[in-house]
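The structure that follows is given in the form of C-alpha cells.
The values are calculated or read from the model by the stated rules, or taken from the named source; none is laboratory data. A quick note: this is a predicted structure, and the numbers were derived from the prediction, not measured. Backbone-built Cβ (ideal geometry, glycine too); neighbour counts: all protein chains shown. Note: areas computed on protein heavy atoms with side chains; ligands, DNA, RNA excluded. Shrake-Rupley method; radii C 1.70, N 1.55, O 1.52, S 1.80 Å.
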Amino acid sequence: MIRVLVVDDDFMVAKVHGGYVARIPGFTVAGVAHTGADALRAVRDLRPDLVLLDVYLPDMDGLSVLRELRADPATAHIDIMMITAARDVGTIRGALRGGALHYLIKPFSAAALRAQLEHFAALHARLHQISPGAAAAQEDVDLMFGSRPRTARTFPKGLSEQTADLVEQALRSHPEGLSAAECAELTALSRPSARRYLEHFADTNRAEVRLRYGGTGRPERRYHWRS
C-alpha cells in the first residue's frame, strides 16, 4: 500500500481529499495535518510515501514545508505533490525547483487526482523493481521525467469539455477576437451558450475581454484567447 499524508488547513477539504485517496486501490491515508508544523512532525513520525501538500497553511506556507523536508536527509526522499489554489507563476516555479513531484490546482475532480496518483503508483512500482546499483533503461527514465496524464478539466454545471474545446479552437483561430454572436455562428451554438463558454474562459483567465465602442449603445464585449 502507498501511504499518503494529506496536508490542508481546511478540515473539510482535507477530509474530502482523504476520501478521494482512500477510494483508489493501492492507496491508504497515513495521516492528516492542518498546519506546517504538524505536517513536518507527521512526515517525520509516519514516514509516508507521498505527501499531498497545500500551499496556504496558517503558520508557514507549503513551499517552506517543502524546503524543510528536502533539507532533512531523513525526509528528503519522500515524494511531495502540491495540492493548492495558488496559481501564480512564482509559487509554481518554487514548487518545481523545490522538488515537488506534481502541482494540482484546486478545485479539481476525484478523477483528476486519481489520474495523478495512478501515475505515481506506476512510477513507484517501477522504481522498486530496479535494484539501487542497476542502470535504468530509457523507458524507466521516460516514466520518471516524461509526460504525465492530462489533468481532467472541471467546468460549471451545464458546460461540457467537448463544446469548450470547440469554442477554444474558434478563439485560437481568431486572434483579432470574437464577440459572442460571432462565436455562436462559427461553432453552431446558440448565442447564450457561446457567451457562457466565453465568460467561463474569461473567469478562469484563459481569455481576455476587451470592449469595442461603437457609435451608440452598449460597448461590444470581444474575447481574445490568452496565448
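Could you look at the chain and say what percent of its accessible area is carbon and sulfur, using a 1.4 Å probe and all protein chains?
Working: 6720 of 12530 Å².
C and S fraction of accessible area: 54 percent.
Further, regarding this structure: Accessible area per residue of the chain at 1.4 Å probe, in Å²? Intermediate results must be reported in sequence, preceding the final value.
On the way: 12530 Å² over 227 residues.
Each residue of the chain exposes 55 Å² on average to a 1.4 Å probe.
Among Gly99, Gly18, Gly158, which one moves the most in a GNM of the chain with springs linking Cα atoms closer than 10 Å?
Ranking Gly99, Gly18, Gly158 by mean-square fluctuation puts Gly158 first.
So who's got an amide H within less than 5 Å of the one on Val51, skipping anything under 5 residues away but keeping other chains? H placed 1.01 Å off N, in plane.
For Val51, whose amide H was placed from the backbone, the distant partners under 5 Å are Leu5, Asp79, Ile80, Met81.
Can you work out the base-10 log of I(q)/I(0) for the range 47-122 at q = 0.11, 0.15, 0.17 1/Å, using the Debye formula on its C-alpha atoms alone?
Once normalised to I(0) and log-transformed, intensities are -0.26, -0.49, -0.63.
Taking R0 as 45 Å, what's the FRET efficiency between Met60 and Asp165 from their Cβ-Cβ distance, rounded to 0.05?
Working: r = 40 Å, r/R0 = 0.88.
The value I calculate is 0.70.
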